[in-house]
1. Relative contact order (percent) for segment 2-49, with alpha-carbon contacts under 8 angstrom and 6 or more residues of separation?
2. Per residue Cα convex hull volume for segment 1-134, in cubic angstrom?
3. Past 26 Å, Cα to Cα, is the threshold; run LYS78/LYS139; LYS59/LYS139; LYS36/LYS85; LYS72/LYS139 against it and keep the listed order.
4. Report the trypsin sites (Lys or Arg not before Pro) located in segment 79-137 that are in a DSSP loop and have at most 14 other Cβ atoms inside 10 Å of their Cβ, or state none.
5. Using the Cα gyration tensor of segment 2-49, with a ≥ b ≥ c the square roots of its eigenvalues, what is the shape: rounded (a/c below 1.5), prolate (a/b larger than b/c) or oblate (neither)?
6. What's the ranking of 67-77, 37-47 by average number of surrounding C-beta atoms within 10 Å, highest first?
7. Quick one: net charge of PHE92's neighbours, Cβ under 9 Å, K/R +1, D/E -1?
8. For segment 55-142, what D do you get in µm² per second when you plug the Kirkwood radius from alpha-carbon pairs into Stokes-Einstein at 20 °C and 1.002 mPa s?
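All of the numbers you see were taken from the coordinates with simple rules; none came from a lab. None of the values given here were measured: they were computed from a predicted structure. All Cβ positions, glycine included, derive from the backbone under ideal geometry; neighbour counts span all protein chains shown.
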Amino acid sequence: MPEALAIARQLDLDLVEVAPGANPPVCRIMDYGKFKFDAAQRAKESRRKAVHVGIKEMKYRPKIGPGDFDTKTRQVAKFLEEGHKVKITIMFRGREVFHPELGKKILDRIAEQMDGMGKAEAVPRLDGRNMVMVLAPDKRAKQSAASKGPGHGGNGAAPAPRPAPAAEVPSPAAAETDTGEPVVA
């Protein structure tokens, strides 16, 4: 041990005891300040790369219009694609709370449209004046879609539809009325 300490001082490094319980004790000659700095940098990098799953919330009403429903549902799909969980809340006002089947129907429509992107993590339940359901991103569906996407079908775009053949339009001079008489323009 004293010889190792002398060698470390001669090299201007630190003597670090790695395994004090071993016989003989295991030591290492190193720059301890640099070791601590590198360990902190690795920990910081791993925290930065960690995926932070947030919970987003989307609120619906039982009497929501089709346009608003589609817009909100597209936003829910975007949240799921980004990897967030989505809490869907149906807010009841007044006597609407006596018809929870309306809220259940909306939540079922959302779950049906999100099939393949996300799955219901918590089934719909009535919580006071709100009905709540939680959707979580479906990793297996996302992986299968990713494996099918870029590698198949060339550039990934669907072929453009062919234009329909133009119907023959009679010239205005040759047009006739229902009775068969020519129309004069």
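1. 26 percent
2. For segment 1-134, the hull spanned by Cα atoms encloses 179 Å³ per residue.
3. Flagged as over cut-off: LYS36/LYS85.
4. Passing sites in segment 79-137 are ARG93, ARG129.
5. In terms of gyration-tensor shape, oblate.
6. In decreasing order of mean packing, 67-77, 37-47 become 67-77, 37-47.
7. +3
8. Approximately 166 µm²/s, per Stokes-Einstein.
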